[in-house]
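Worksheet: one structure, shown below.
The values are calculated or read from the model by the stated rules, or taken from the named source; none is laboratory data. Bear in mind the structure is a predicted one, so any value in this text is a computation, not a measurement. FYI the Cβ positions are ideal-geometry reconstructions off the backbone, even for glycines, and counts take in every protein chain you see. We work out accessible area using only protein heavy atoms, side chains counted, and drop any ligands, DNA or RNA first. Shrake-Rupley method; radii C 1.70, N 1.55, O 1.52, S 1.80 Å.
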Amino acid sequence: MEKHFLLTVFENLYVAFGPQNWWPSESDFETVIGAILTQSVSWSNVEKAIDNLKKENLLSPQSLSKIDDERLHALIRSTRFYKQKGERLKNFCRYLVENYEGNIYKLFDKDIFELRRELLSLKGLGKETVDSIILYAAKKPIFVVDAYTKRIFSRLGVVDENLDYQALQEIFMQNLPHDTSLFNEYHALIVKLGKDVCKTKPKCEICPLNNFCKYYISKNKF
């Protein structure tokens, strides 16, 4: 896949939707909590949970590392699978407190690949969650791949729908400048397109990529 293609897709999405201002949070630690809670649920449900934690003054590594399970589950119930997510939150916060004195920036000071390996070693943190933490909270250039990415680019006919996470991520990493702002905005725009237009039942007639991609793909082989 050519660099020009990926950059032009980005430009078309940016013109259509404008800046998405992700990740919406008041701190980098809050971004981490949001990344863990947002798995398999809408962002509005995550906001409810984070607001509950804020109201109880619990949005800190120290507080979440020792909170009672039932209390935590009640506060994050809106996020679905709240027992699993509660365990993941506490595991992460305990790890942060025990190894980095609760200072998230001591963790983030690591090289991007070392940081990724370390985060992936924590129970319950998958590639998409870890990469979201690295991009949006640690502010390091790694491209986040999600179900929308695979859906959109496979429908465009430029990747195989069975491509795994790592292979799809490498396409973006190898063909785009390693720029945190670009990766941030690109991923957010893909999410916007996937949620509002390229749904399970797509609205191709209003897709900002429709005409461009038909023309480009007809002239190029991938």
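Can you give the charge dipole size of segment 59-104 about its Cα centre, rounded to the nearest 20 debye, using +1 on the beta carbon of Lys and Arg and -1 on the beta carbon of Asp and Glu? Numbers along the way, then the final one.
Numbers: 9 positive and 6 negative charges, 55 e Å.
Roughly 260 debye for segment 59-104.
Semi-axes of the equivalent ellipsoid of the chain are 34, 19, 14 Å, computed as sqrt(5λ) over the eigenvalues of the C-alpha gyration tensor in descending order. The share of accessible area on segment 1-78 that comes from carbon and sulfur is 45 percent, using a 1.4 angstrom probe. Positive-end ranking of Cys207, Ala188, Pro24 along the dipole of the chain, with charges on Cβ about the Cα centre, is headed by Cys207. Principal-axis analysis of the Cα atoms of the chain puts helix 82-100 at an angle of about 70° to the longest axis.
3J(HN,Hα) couplings calculated from phi for segment 141-149 with the Karplus curve 6.51 cos²θ - 1.76 cosθ + 1.60 (θ = phi - 60°) are, in sequence order, x, 9, 8, 8, 10, 9, 4, 5, 4 Hz; Gly and Pro show x.
Across Leu163, Leu37, Leu176, mean-square fluctuation computed from a Gaussian network of the chain (C-alpha pairs under 10 Å connected) peaks at Leu163. Take the Kirkwood radius over Cα pairs of segment 4-131, plug it into Stokes-Einstein at 20 °C and 1.002 mPa s, and you get 136 µm²/s for translational diffusion. One chain, two ends: Asp69 and Lys54. Fully extended at 0.36 nm per residue, the span grows by 3.7 nm beyond their Cα-Cα distance.
Magnitude of the Cβ-charge dipole of the chain, K/R +1 and D/E -1, about the Cα centre, nearest 20 debye? Could the numbers behind the result be given before it?
Working: 32 positive and 29 negative charges, 136 e Å.
Charge dipole, the chain, about its Cα centre: 660 debye, nearest 20.
Solvent-free Debye calculation, one equal scatterer per alpha-carbon of segment 90-172: log10 I(q)/I(0) at 0.15, 0.17, 0.24 Å⁻¹ equals -0.59, -0.71, -1.14. Per residue, segment 50-178 exposes 50 Å² of solvent-accessible protein surface, assessed with a 1.4 angstrom probe and all protein chains in place.
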